[in-house]
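Take a look at the structure set out below.
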Amino acid sequence: MKAHLGVLLESALASVTAGRPLDVPPAPQVDATKDPRFGDFQTNLALMLAKPLGLPPRKVAEALVAALPPSDRVAKVDIAGPGFINFHLAPAAFQAVVPDILAAEARYGRDDSGGRGRIMVEFVSANPTGPMHVGHGRNAAYGDTVANLLEAAGWRVWREYYINDAGRQTDVLTVSVWLRYLQRCGVALAFPKRAYPADYIRVTADRLYDEVGANAFRVAGIDELPTEEVAAEGADDAEKNRVKLSQEAHIDRWITLGREGLGADYERIRHAALTDQLAAIRATLAAFSVRFDQWTSEADLVARGAVDKALKRLGEQGLTYTRDGAVWMKSEAFGDEKDRVLIKADGAATYYCNDLAYHVDKLDRDWPRLLDVWGADHHGYIARVRAAIEALTGRNDALDVQLIQFVTLSSGRMGKRSGNFVTLKELIDEAGADATRFFYLMRGHEQHLEFDVDLAKSRSTDNPVYYVQYAHARLCSVFAQLAESGAVYDRATGLAHLARLDNEHEKRLLTALARFPDVIASAAQDLAPHRMAFYLKDELADAFHSYYNAHKFLVDDAALQAARLALCEATRLVLGNGLALLGVSAPERM
RNA sequence: GCCCCGGUAGCUCAGUGGAUAGAGCGAAUGCCUCCUAAGCAUUAGGCCGCAGGUUCGAUUCCUGCUCGGGGCACCA
């Protein structure tokens, strides 16, 4: 419809400006009005033309309206305010959306061509060192929904999870399990302050104990480790930080002891720990309707030489150098604040080095556009990854990073420190996957989110996800009621009498239905899935519930009933399509 | 100090340079002999953080200030 009005305006523009060429002919902007009193669509074209033409805006508007070609879809055009041109559409223009929807069904609003190009979306990528928390849940809901929207907007999408299963954190995980195992065997040792203390570590330790018995994984030298420092009461920040570093060094001694003393058993423990954590993550994400095309392991990436390959390429292009025993990347030359270390003085690759190689690998797999979804705390990291990509490919537009701002929980349930750590699994178990996903998607991702756990849990009128789902269930119920009464809905009859859909409630609902393709396109374009959530709730479901209360659908007038049921069928389809994009179920009964 | 995000109704938040800034919750009042009341209708509630600038027009774009959150490793 917008396009149609745009064509009309282009024509009017051409005749009005005939003989007085403009330096920059403005492209007509047509928008839906916010207020029905201003018609259905508006354009500010006259306001934009006033200055270059040297005429008052209302004069320009009059000339444009006079030059508009006639259209059977436009009922009335008027001029209002400072010079807006308002279009009032003919009823048939609204009603035409119904056959479009009924013909397209699940494809309505979608562009499944994949013609926009190929894009890889990497999201979640939570470290397999523990359960996912509520922040990962927001990342998962966002990434998965953005991927859905991009697909619906014509992109070929690949979803990937990067498993950080190399590096020091997995050593800390391994040592944590090992020490819990030894404690289980009755070995008296002080569990390090900076190891992972939680119960999930014991689960893996107990599993290993069942497999290997009580006499494995023992090494000499445990008693010779120096005692760990503890921060004194009332220590200042500098002192606390010093103690923290010494505690990290203490863990490193355990790591060295384990690696050297356990040999292959160390790897066995590491593998067991990672397997358990990853299994838990996969299960939680599956319960959250989040799927991936591929799970890429950092350790595998290293093992198959992707890191060496990337380093070699950087070296050949003169993008690295050695200083203080470390290998550095010349990232400052590509927009980063400073150069970054790739290989530490101890010979180990940094996380950055491996991640850089991973991004190169993504591009090498022929995904020319990359979207990474990260927590906001990683924002300082963007410049260096982008720098590496630009250095190797010459492209500075290959990588888009979207940062997910922090999640806090209502009712003071947040935070590891308080001991009230709420995992994503607990949240899903308590509130349900549908409510949880919808709540995450109700906020812009750049907005700090306060997650109201009690509201998400409530199975009441207050819970916004039910508002949308209830609209769908009500529609299903209408058709169930119809079938029960033995009556038959004839779609062809309905389509033949769409002109009967002429009251204000029907017009509002038809308008909302017609906007669905625009919402997909704009939410995908701006990577803003919350727009779809708001559209479904505040426009579509809202228009339907009002309609439902104001009018009966199952009426004696057969033509009117059929027309209304056709509208109902279209609404049910669009609600279902929209909820599917959000990864929320569309129940037939509630 | 530098970088990122935010400041809109009592609370949680929408708002694609446009006209009288919206929704939910909370508060007040109505609506089920009728397709699901997990719903609908009505009322109350606002220097859109502050100050400049660009523009015919700024909650929206730019600059400065201010307040809040986060980040500035040879950690991941």
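The relative contact order of chain A, computed from alpha carbon pairs under 8 Å that lie at least 6 residues apart in sequence, is 15 percent. Which percentage, to the nearest 5, of the DSSP beta bridges contained in chain A is antiparallel? Here the share of antiparallel DSSP bridges comes out near 50 percent.
Within the shell defined by Cβ-Cβ distances under 15 Å, the residues around A:E151 carry a net charge of +3, with Lys and Arg each +1 and Asp and Glu each -1. Relative to the longest principal axis of the Cα atoms of chain A, the long axis of helix A:168-184 makes an angle of roughly 60 degrees. This ranking places A:E504, A:E229, A:E569, A:E160 by how few other beta-carbon atoms lie within 10 Å of each, fewest first, which gives A:E504, A:E229, A:E569, A:E160. Legend: translational diffusion of chain A by Stokes-Einstein, Rh = Kirkwood radius over C-alpha pairs, 10 °C, 1.306 mPa s; D = 56 µm²/s. If you wrap the tightest convex hull around every Cα atom of the range A:191-274 and split its volume per residue, you get 113 Å³. If R0 is taken as 35 Å, the Cβ-Cβ distance between A:H448 and A:A32 corresponds to a FRET efficiency of 0.70. Using only Cα atoms and rounding to the nearest 10 degrees, what angle (0 to 90) does helix A:306-316 make with the longest principal axis of chain A? Orientation of helix A:306-316: about 90 degrees from the principal axis.
Prolate is the label for the range A:2-89. Its Cα gyration tensor axes, ordered a ≥ b ≥ c, give a/c of at least 1.5 and a/b above b/c. Derived scalar couplings between HN and Hα for the range A:210-222 equal 5, 7, 10, x, 8, 10, 9, 6, 9, 10, 7, x, 4 Hz in order, rounded to whole Hz, by the Karplus curve 6.51 cos²θ - 1.76 cosθ + 1.60 (θ = phi - 60°), x for Gly and Pro. A simple count of charges around A:E316, restricted to other residues whose Cβ falls under 14 Å of its Cβ and scoring Lys, Arg +1 and Asp, Glu -1, yields +3. Applying the Karplus relation 6.51 cos²θ - 1.76 cosθ + 1.60 with θ = phi - 60° to the range A:152-161 yields 3J(HN,Hα) values of 5, 9, x, 9, 8, 10, 10, 9, 9, 10 Hz, where x marks Gly and Pro.
Angle of helix A:351-364 to the longest C-alpha principal axis of chain A, folded into 0 to 90 degrees and rounded to 10: 50°. Stretched out straight at 0.36 nm per residue, the stretch from A:V219 to A:E332 would grow longer than its current Cα-Cα span by 36.1 nm.
Going down the table (A:K193/A:K425; A:K76/A:K507; A:K309/A:K338), which pairs top 18 Å between alpha carbons? In this structure, A:K193/A:K425; A:K309/A:K338 lie more than 18 Å apart at Cα.
Annotation: extensible slack from A:A283 through A:E239 equals 11.7 nm (criterion: 0.36 nm per residue apart, minus Cα-Cα distance). With neighbours defined as other Cβ atoms within 10 Å of a residue's Cβ, the residues A:T145, A:T256, A:T227 order from fewest to most as A:T227, A:T256, A:T145.
Computed from backbone phi, the HN-Hα couplings of the range A:52-66 come to x, 8, x, 10, x, x, 5, 5, 4, 4, 4, 5, 5, 4, 5 Hz, rounded to whole numbers (Karplus: 6.51 cos²θ - 1.76 cosθ + 1.60, θ = phi - 60°; Gly and Pro given as x).
In chain A, a dipole from Cβ-located charges (positive for Lys and Arg, negative for Asp and Glu) runs towards its positive end, and of A:V30, A:Q469, A:G315 it is A:V30 whose Cα lies farthest in that direction. Amide H contacts of A:T408 (H built 1.01 Å from N, in plane; Pro and chain starts excluded): A:L449, A:E450, A:F451 sit under 5 Å, all sequence-distant by 5 or more or on other chains. Counting only residues at least eight positions apart within a chain, or on another chain, the aspartates and glutamates with an alpha carbon under 20 Å from that of A:K240 are A:E228, A:E229, A:E248, A:D252. When the helices of chain A are scored as -39500 (n - 2.57) per DSSP H run of n ≥ 4 and the total is divided over every residue, the value at 222 nm lands at -16000 deg cm²/dmol.
In terms of surrounding Cβ atoms within a 10 Å radius of their Cβ, A:I85, A:I269 rank from fewest to most as A:I269, A:I85.
Each reported figure results from applying straightforward, stated rules to the coordinates on display, with no laboratory input. Quick caveat, the model's predicted, so the values are computed rather than measured. No Cβ is skipped: glycine too gets one built from the backbone with ideal geometry, and neighbour counts run over all protein chains shown.
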